[in-house]
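The values are calculated or read from the model by the stated rules, or taken from the named source; none is laboratory data. These numbers were taken from a predicted model, which means no experiment stands behind them. Note: ideal-geometry Cβ built from the backbone for every residue, glycine included; neighbour counts use all protein chains shown.
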Amino acid sequence: MDPLSIGATEVTPGINFDKQLNKFLMFGKSFPEESKRFFTPILVWLEEYVKSPNEITTFEFRMDYYNSSTSTMILEMLYVLERIQNKGKQVTIVWNYLATDDDMLDAGHEYSEMVKIPFEYNEIEDY
């Protein structure tokens with residue numbers, strides 16, 4: 001399975017998904033004009049990964065900011081990851097947030113209540 005790498009822009013997040021390296025990272029800002037269009041290839045890649053996932057998947061979010069349409073897409077990604085866990089594989093979400101960003105921490109807690117995947121919260125000083 002080929003890695004998925006999308007460079008971050010001012011309005012879209014960076015994506016670094018690599019099954020071989022067991023690296024799954026989404027970072028930056030996300031408020032694209034058309035969220036569904038931007039996230040479709042990401043969801044397609046994850047759907048392919050679900051077919052033959054690693055034994056352990058640690059998925060890391062390191063978001064500065066995202067809008068409500070991105071929030072919906074993040075939830076869709078989490079639902080896909082939950083299906084991996086339902087196959088008996090280990091999945092963990094690492095939710096990074098700035099020490100000064102209570103809203104981002106709260107968002108992580110809200111997501112953790114919507115899926116049955118363990119979340120780890122990682123307070124960081126700077127992105």
Within region 75-113, residues in contact with a helix residue (DSSP H, G or I) (Cβ under 8 Å, 6 or more places away or on another chain), over 18 Å from Leu43 (Cα atoms) and aliphatic (A, V, I, L, M) come out as Leu98, Ala107
Filtering region 87-108 down to residues that are without any contact (Cβ under 8 Å) to a residue 12 or more places away in the chain and on the phi < 0 side of the Ramachandran plot yields Thr100, Asp101, Asp102, Asp103, Asp106
Conditions (1) touching a residue at least 12 places away in the same chain (Cβ under 8 Å); (2) surrounded by fewer than 19 Cβ atoms within 10 Å (Cβ to Cβ); (3) of a type in the set (Val, Ile, Thr) -> Val44 fails only (1)
Subset of region 73-114, residues under 14 Å from Thr57 (Cβ atoms), more than 13 Å from the chain's Cα centre (by Cα) and of a type outside the set (Gly, Ala, Ser), comes to Arg83, Ile84, Gln85, Asn86, Lys87, Lys89, Gln90
Scanning region 89-127 residue by residue, those part of a loop (DSSP other than H, G, I, E, B) and either small (Gly, Ala, Ser) or out of contact with any Leu (no Cβ under 8 Å at 6 or more places or on another chain) (or both) turn out to be Lys89, Ala99, Thr100, Asp101, Lys116, Pro118
Reported set for region 10-33 where residues are loosely packed, with under 13 Cβ neighbours inside 10 Å and either of a type in the set (Val, Ile, Thr) or modelled with pLDDT of 95 or more (or both) is Glu10, Gln20, Leu21, Asn22
Checked region 19-44 for anything more than 15 Å from Glu82 (Cα to Cα) and under 13 Å from the mean Cα position of the chain (by Cα); matches are Lys23, Leu25, Met26, Phe27, Gly28, Lys29, Ser30, Phe39, Ile42
Ile84 vs (1) touching a residue at least 40 places away in the same chain (Cβ under 8 Å); (2) surrounded by 19 or more Cβ atoms within 10 Å (Cβ to Cβ): all pass except (1)
